[in-house]
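The values are calculated or read from the model by the stated rules, or taken from the named source; none is laboratory data. On a predicted model such as this, the values are computed, not experimentally measured, just so you know. Every residue, glycine as well, gets a Cβ built from its backbone with ideal geometry; the counts of neighbours run over all protein chains shown.
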Amino acid sequence: MCEGIFRPLAHPLVLLLARLRVPPPLVVAAAGSAGVAAAVELGRGSLLAAALLVQLKTLLDNADGQLARLSGRTSAAGRYLDSEADLLVDAALFAALGWRTGAPALALAGFLSLTAVLSLNFNAERLARAAAAEPDPEGRVAALLLRGVYRCLYAPQDRLAERIAARRPALTSPLAVSLLANAGLSTQLAAFGLLLALGRPLAFCWLALGELAAVALALALAPRRAPRTQEEVA
């Protein structure tokens, strides 16, 4: 969904924004605003408007990174802001879903499941590339503050994924990375938008729960890492 649909759709917008010298963090803020607006419309019962705003959020989400790379303005602060804005939008959408449908427990379970799947998606690719969990910080106050928020929100998820990968190396296999990549945020929000438009928003909670259950089952059935021999320890 990301590479085949949303990134190509975002490219003309990226070229326009680059000509206008729009800073990438402003696009991140616009994406977050569209996501929060979708949550507001969902809470009001305007499911079609919420569905369209969710797709607008996804389009802008695919534009900010392209714009940063094209304009040479990638930064740690921008990457932190992007991750934190995504989590805020997800929380707002599920909170609105729980309030509108009168099923807050199911909405919370859906939010936690989606967060877990997205975390495994990110960390499986990161660990497969042997990359660091956080981008290099910059000396600016904004970057340091955003890094502190990131550590509070994401560091526990990163450490848990590292422990899972240590016990189940299949998590970082090319097949697992590819499958989890196709359960990324663009795909998830596209599915959420479709279910909103169909008037079945709670079905997305069950979808997220099903995804997490499938991942957990696959990891449970995957072979564990063999214990190290005395020679390897030495």
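Assorted remarks:
- Count of region 152-187 residues, restricted to those that are surrounded by fewer than 18 Cβ atoms within 10 Å (Cβ to Cβ), closer than 20 Å to residue 88 by Cβ, among the aliphatic types (A, V, I, L, M) and touching a residue at least 24 places away in the same chain (Cβ under 8 Å), is 1.
- Residue check for residue 105: assigned to a loop (DSSP other than H, G, I, E, B) and over 18 Å from the mean Cα position of the chain (by Cα): no
- Scanning region 71-86 for residues that are aliphatic (A, V, I, L, M) and surrounded by fewer than 19 Cβ atoms within 10 Å (Cβ to Cβ) yields no hits at all.
- Residue match in region 203-219 (condition: under 25 Å from residue 127 (Cβ atoms), outside any helix (DSSP H, G or I) and either of a type in the set (Val, Ile, Thr) or at pLDDT below 90 (or both)): no
- Helices (runs of 4 or more DSSP H) wholly inside region 1-77 containing at least 2 residues that are closer than 30 Å to residue 104 by Cα and at pLDDT 95 or above: 24-44, 47-71
- Qualifying residues in region 124-145 (those that are of a type in the set (A, V, I, L, M) and at pLDDT below 85) - the one surrounded by the most Cβ atoms within 10 Å (Cβ to Cβ): 143
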